[in-house]
Every structure is written in C-alpha cells, then in structure tokens.
1. Taking the Cα centre as origin and putting +1 on Lys and Arg beta-carbons and -1 on Asp and Glu beta-carbons, what dipole magnitude results for the stretch 64-195, to the nearest 20 debye?
2. Rg (Å, one decimal) plus Dmax (Å, integer) for the alpha carbons of the stretch 110-171?
3. Please check: in the Gaussian network model of the chain (C-alpha springs, under 10 Å), which one of 29, 93, 150 has the largest mean-square fluctuation.
4. Using the heavy atoms of the protein chains alone and a 1.4 angstrom probe, what is the accessible area of the chain per residue in square angstrom?
5. Quick one: 3J(HN,Hα) in Hz for the stretch 71-88, Karplus 6.51/-1.76/1.60 with θ = phi - 60°, rounded, Gly and Pro as x.
6. Please list log₁₀ I(q)/I(0) at q = 0.10 Å⁻¹ for the chain, using the Debye equation with identical point scatterers on the alpha-carbon positions.
7. Could you tell me what percent of the accessible area of the chain is made up of carbon and sulfur, with a 1.4 Å probe and every protein chain present?
8. As I understand it, the value is the acute angle between the Cα axis of helix 104-122 and the longest principal axis of the Cα atoms of the chain; what does it come to in degrees, rounded to 10?
Amino acid sequence: MMNYLWVSLMVLACITACVTGRTAEVSAAVTGGANQAVTLCLSIVGLMGLWSGVMELMQQSGLCEKITSVLRRPLSLLFHRASRDRETMECIAANVTANLLGLSNAATPIGLRAADRLYDLYGRRGTPDAVLTFVVLNTTSIQLIPTTVAAVRASLGAQQPFDIMPAVWGASVCSVAAGLAAARLFARLRKEREP
C-alpha cells in the first residue's frame, strides 16, 4: 500500500511540475534531497553503530536478560494468555527493551517475531486484541535513550544532542498511556457490538 502511495505522490509531483513549467525546480529538489539523505545516513551511522554495539554488549553480558525478566511481570498484565508462553514473552520483552534503548531498527525484527508468536497463540483470523496491544506498545514505546533522534540532532550540529531526554521521557510515557488506553477502549467497544 505504501509503495502505491509513494509512487502516486511522485507521479503527481512530476505531472504538476510539467503543467506549471517548474521541472527545473523539481529536478533540483530531487538531486538536493538525495544528497541530503545520503549525508544524513552517513552522519548517523556512527552513533547508531555505537549504540548497536552497546546493545550487543548488554546481550552478551546478560543485562538484557535481566531487563527482560524485570519487564516480564508488568507485560504479563497486558498479555494475559501470552504470558504463559515463555518464548512469546521473551520476544515481547526484548522488543520493549530495544525500544527503551532507542534502537527502533533493532526492535523491528524482534517485534515481527513477537507478533507472529501472538498470532500463533490467538489465531490467524482477524487481528487479535493482543496483537493490536503489542503494535500500539511497539509504536508508542517509552524511550530512555533516544539514540536515533540524538544522532540526527548531532548530525545537524546540536552541541548537546541528548539534552532532549526529559522531554522524550515525558512524551513517550504519555503516548504509551494514551495508546494503551485507546486500544483497551476500542477492544471493549468492539466486544460490546459483537452479537
């Protein structure tokens, strides 16, 4: 679906440029945008590499496993039936841990595995409430260390790229609370409408 959306936007931009006679501006924007994208990727790769290395050290030292065991109990309140399945809870807790550390790229494959396990537990028909709750938790995620945002800020010349941490903490806690409350509310409304 997203592929169709992006292609449609690019085609619309080209048609609009041709109709308005501004093809030179569109060509310059495409070239400039591509250069900026490559520069941004190269400038954040160092910081992302550092935090990926820190995450690997945490996994090798067993710290991630300890964080996972601490998170398992609160997460079992959100995922009642899934809390009995050790592998599913490990995937969910590992995903939450990666998001806590601001490693959203590392959280994606673990999150896909967790969603797949939840589908196995709750059935493939429709979208079970546990999967929706997990998607909301993964998307809104509390971030203790906003690695990606700090890397982008550093690449743009911020003197203290991590000075946004208190704001990120507050915003992420609020977004998780609002997202989980909305997921619970809509799940309850859907169950009330079902015959």
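The values are calculated or read from the model by the stated rules, or taken from the named source; none is laboratory data. Here the structure is a predicted model, which means the values were calculated and not measured. Neighbour counts run over all protein chains shown; Cβ positions are idealised from the backbone, glycine included. We work out accessible area using only protein heavy atoms, side chains counted, and drop any ligands, DNA or RNA first. Shrake-Rupley method; radii C 1.70, N 1.55, O 1.52, S 1.80 Å.
1. My answer is approximately 400 debye.
2. Considering the stretch 110-171 through its Cα atoms, Rg and Dmax are 16.6, 50 Å.
3. Highest fluctuation among the options: 29.
4. 65 Å²
5. Ordered by residue, 3J(HN,Hα) equals 6, 4, 5, x, 5, 5, 5, 7, 10, 4, 5, 5, 5, 7, 9, 4, 5, 5 Hz.
6. Treating every Cα as an identical point scatterer, log10 I(q)/I(0) equals -0.59.
7. So the carbon and sulfur contribution to the accessible surface is 66 percent.
8. Long axis of 104-122 versus the principal axis of the chain: about 40 degrees.
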